[in-house]
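Below you'll find the structure, written out as structure tokens, and then a few comments.
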């Protein structure tokens, strides 16, 4: 993680400090924290973040939980686009047509169902799918998960997403500078 933290430029110091802090929130278990971090890093698509989160998560997650966190990012990457389109189109007919998309991992991920829902919520927040956020947040609330716990996971997602944007920008800037020389 220290290598990752060293990549943050001074203007993103708040993100670096926030990343250090959100990975220690008392509202989440270690499995919830690191599963959310992995799923969020994958959804944010920054190679440095993904590598760092996977390396650290390996110390905190069982192989099954790590697989489930990756699966949450994968299936929600698909579902968020599909259901966001349905919502944004405003055409109610789309909601009556079967999705015909394979989503078996939602039932067969092999990890704690509440944690998987939490990871799906975090990824859906990153991907901006209101339909999926509302659906997964509702399931979590029905299962007795507190708003504080849900927001703790979304806090991780927001910081990781912001960090990915900064790290991508810094990488692009280094490339552009190298090309100009």
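The values are calculated or read from the model by the stated rules, or taken from the named source; none is laboratory data. Computed from a predicted model, the values in this text were never measured in an experiment. Reconstructed Cβ throughout: ideal geometry from the backbone, glycine too, with neighbour counts over all protein chains shown.
I need a count of the residues in the stretch 162-181 that are in a helix (DSSP H, G or I) and modelled with pLDDT under 90.
Residues meeting the conditions: 8.
Residues that are more than 18 Å from the chain's Cα centre (by Cα): which helices (runs of 4 or more DSSP H) entirely in the stretch 1-94 hold 3 or more of them?
The helices (runs of 4 or more DSSP H) meeting that bar are 2-6, 13-22, 63-89.
Taking residue 106 as the residue in question, decide whether it is at pLDDT below 95 and assigned to a helix (DSSP H, G or I).
Against the criterion (at pLDDT below 95 and assigned to a helix (DSSP H, G or I)), residue 106 qualifies.
Does residue 121 fit the bill of being part of a helix (DSSP H, G or I), under 22 Å from residue 78 (Cβ atoms) and under 11 Å from the mean Cα position of the chain (by Cα)?
Details: part of a helix (DSSP H, G or I): yes; under 22 Å from residue 78 (Cβ atoms): yes; under 11 Å from the mean Cα position of the chain (by Cα): yes.
Answer is yes for this residue.
If I filter the stretch 115-134 down to residues being in contact with a helix residue (DSSP H, G or I) (Cβ under 8 Å, 6 or more places away or on another chain) and without any contact (Cβ under 8 Å) to a residue 40 or more places away in the chain, which single residue comes out as surrounded by the most Cβ atoms within 10 Å (Cβ to Cβ)?
Per the criteria, the residue is 121.
Considering (1) without any contact (Cβ under 8 Å) to a residue 40 or more places away in the chain; (2) within 12 Å of the chain's Cα centre (by Cα); (3) closer than 30 Å to residue 6 by Cα, say which one residue 162 fails and leave the rest.
Looking at each condition in turn, residue 162 falls short on (1).
Would the stretch 124-135 turn up any residue that is out of contact with any strand residue (DSSP E or B) (no Cβ under 6 Å at 6 or more places or on another chain), at pLDDT 95 or above, under 26 Å from residue 167 (Cα atoms) and outside any helix (DSSP H, G or I)?
So far as the stretch 124-135 goes, yes, one or more of its residues are out of contact with any strand residue (DSSP E or B) (no Cβ under 6 Å at 6 or more places or on another chain), at pLDDT 95 or above, under 26 Å from residue 167 (Cα atoms) and outside any helix (DSSP H, G or I).
Looking at (1) touching a helix residue (DSSP H, G or I) at 6+ places or on another chain (Cβ under 9 Å); (2) surrounded by fewer than 22 Cβ atoms within 10 Å (Cβ to Cβ); (3) farther than 13 Å from residue 124 by Cα; (4) free of Cβ contacts under 8 Å to residues at least 40 places away in the same chain, can you tell me which one residue 74 breaks?
It is condition (3) that residue 74 fails.
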